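The values are calculated or read from the model by the stated rules, or taken from the named source; none is laboratory data. Note that the structure is predicted; figures quoted are calculated from it, not measured. Cβ coordinates were reconstructed from backbone atoms using ideal geometry, including for glycine residues, and neighbour counts include every protein chain displayed.
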Amino acid sequence: MILGDARAPKRSTEGRKRPLVAMDKVSKRFSSGTLALSDMSLVVESGEFVSLLGPSGCGKSTALRIIAGLGDASSGKIDWPSSRINAKGLPDGDISFVFQEPTLMPWQTVFGNVHLPLKLRGISKAAARPQIIDALATVGLADFADAYPRELSGGMKMRVSIARALVTKPKLLLMDEPFAALDEITRQKLNDDVLRLWKETGITVIFVTHSVFESAYLSNRIVVMKARPGRVHADFPLRTSLERDAHYRTSEDYRQACEKVSTMLLEAIGSGEH
Ligand SMILES: Nc1ncnc2c1ncn2[C@@H]1O[C@H](COP(=O)(O)OP(=O)(O)OP(=O)(O)O)[C@@H](O)[C@H]1O
């Protein structure tokens with residue numbers, strides 16, 4: 001297990017690949033007066049799996065929403081050095097978001113739900129069929145295209161939500177505590193699904209979670225934030241030569257990773273101004 005130097009913000013971009021997204025000194029003050037983020041800088045390269053971790057209210061969701069263009073920064077900027085930018089300053093079609101709730105349309109089948117992002121681009125169901133079936137196969141739901149959300153378990157609904165996020169073949173997948181409401185076994189299965197699709201597609205993932213164990217299992221980089229105001233406290237790689245699977249969960253590498261993440265999280269909670 002290789003555990004890198006942790007304190008932020010010391011990651012150099014020298015000699016590395018072109019970043020996919022670069023947050024530069026982003027601050028966010030809501031109209032209520034809350035300073036949710038203060039000078040947050042974060043550079044994410046193509047192909048990384050980054051988990052954002054931190055105490056409640058440290059600005060993880062706010063950061064993710066600003067990256068996705070779902071909220072504006074009060075100051076600072078977001079750059080997309082590898083992407084074509086649209087009129088809204090966002091990379092055209094390159095971002096997908098998975099929320100904690102699957103947010104499926106109950107009156108639509110699984111197929112209809114996954115079709116939505118393509119429909120919004122004017123692509124008919126018939127034309128979109130191969131992509132939709134492909135996305136459903138990626139999450140193991142190829143046989144459930146005609147089912148309605150009410151017929152699915154919580155884990156299956158979340159898989160549909162992930163398929164819907166993948167159907168546009170985004171470069172960046174933003175996930176905001178997607179598995180927090182699921183039971184442990186379902187959560188572990190979905191962790192494996194996400195890891196598999198990350199490896200197979202080369203997609204970049206920024207994953208918000210409260211779970212030390214989940215972040216240590218999934219990520220090749222951890223960013224720990226602290227609160228009041230939200231900012232980066234620690235930023236370090238997690239590398240292992242082991243395959244991340246059931247055996248990894250009982251390995252020394254995983255134990256060390258959990259310990260490191262846990263220590264940094266405790267440090268962040270302890271050093272936040274309460
Ligand atoms: N729309 C809003 N208006 C006012 N304040 C907000 C708004 N959204 C978030 N906040 C505040 O900004 C801070 C950061 O919130 P955010 O949801 O980003 O944190 P978080 O780290 O994702 O929290 P959690 O882990 O509990 O989901 C919190 O103090 C929160 O109350």
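State which residue pairs qualify: first residue closer than 26 Å to Pro55 by Cα and outside the structural domain of Met225 (by TED's automatic domain parsing) and inside region 244-263, second residue among the basic types (Lys, Arg) and at pLDDT below 95 in any location, beta carbons under 9 Å apart, and separation of 6 or more residues or different chains.
none
Condition (residue is within 26 Å of Leu64 (Cα to Cα), in contact with a helix residue (DSSP H, G or I) (Cβ under 9 Å, 6 or more places away or on another chain) and either in the same structural domain as His210 (by TED's automatic domain parsing) or surrounded by fewer than 19 Cβ atoms within 10 Å (Cβ to Cβ) (or both)) applied to region 134-144: is it met by at least one residue?
To start, the set of residues in region 134-144 that are within 26 Å of Leu64 (Cα to Cα) comprises 135-136, 138-139.
Applying the additional criterion that residues be in contact with a helix residue (DSSP H, G or I) (Cβ under 9 Å, 6 or more places away or on another chain) yields 135-136, 138-139.
So of that shortlist, the ones also either in the same structural domain as His210 (by TED's automatic domain parsing) or surrounded by fewer than 19 Cβ atoms within 10 Å (Cβ to Cβ) (or both) come out as none.
Checked region 134-144: no residue is within 26 Å of Leu64 (Cα to Cα), in contact with a helix residue (DSSP H, G or I) (Cβ under 9 Å, 6 or more places away or on another chain) and either in the same structural domain as His210 (by TED's automatic domain parsing) or surrounded by fewer than 19 Cβ atoms within 10 Å (Cβ to Cβ) (or both).
Do the conditions hold for Phe30, that is, is it within 16 Å of the ligand (Cβ to nearest atom) and either of a type in the set (Phe, Trp, Tyr) or modelled with pLDDT under 90 (or both)?
When the stated conditions are applied, Phe30 passes them.
Criterion first (at negative phi and in contact with a Pro (Cβ under 7 Å, 6 or more places away or on another chain)) does Lys157 satisfy it?
Here the answer is yes, as Lys157 does meet what is asked.
Is it the case that region 90-105 has a residue that's at pLDDT 95 or above, farther than 27 Å from Tyr254 by Cα and either over 17 Å from the mean Cα position of the chain (by Cα) or within 11 Å of the ligand (Cβ to nearest atom) (or both)?
Yes; the residues of region 90-105 include at least one that is at pLDDT 95 or above, farther than 27 Å from Tyr254 by Cα and either over 17 Å from the mean Cα position of the chain (by Cα) or within 11 Å of the ligand (Cβ to nearest atom) (or both).
For residues that are free of Cβ contacts under 8 Å to residues at least 24 places away in the same chain and part of a loop (DSSP other than H, G, I, E, B), scanning just region 108-160, find the one that is nearest to the chain's Cα centre (by Cα).
Here the residue is Leu120.
Can you name the strands (runs of 3 or more DSSP E) wholly within region 162-260 that have at least 3 residues being under 20 Å from Thr138 (Cα atoms) and modelled with pLDDT of 90 or more?
Result: 172-176, 204-208.
Select from region 161-192 the residues that are in contact (Cβ under 8 Å) with a residue 60 or more places away in the chain and either hydroxyl-bearing (Ser, Thr, Tyr) or over 23 Å from Ser61 (Cα atoms) (or both) and list them in ascending order.
Ser161, Thr168
Output the residues belonging to region 58-73 that are outside any helix (DSSP H, G or I) and within 12 Å of the ligand (Cβ to nearest atom). Steps first, please.
The first filter runs over region 58-73 and keeps only residues outside any helix (DSSP H, G or I), leaving 58-59, 69-73.
Passing the criteria: Cys58, Gly59, Leu70, Gly71, Asp72.
Tally up the residues in region 66-103 that are at negative phi and in contact (Cβ under 8 Å) with a residue 60 or more places away in the chain, please.
Looking only at that region, the number is 16.
Considering region 43-57 alone, what residues qualify as being under 29 Å from Arg196 (Cβ atoms) and within 14 Å of the ligand (Cβ to nearest atom)?
Going through region 43-57, the residues under 29 Å from Arg196 (Cβ atoms) turn out to be 43-54.
The answer is Ser51, Leu52, Leu53, Gly54.
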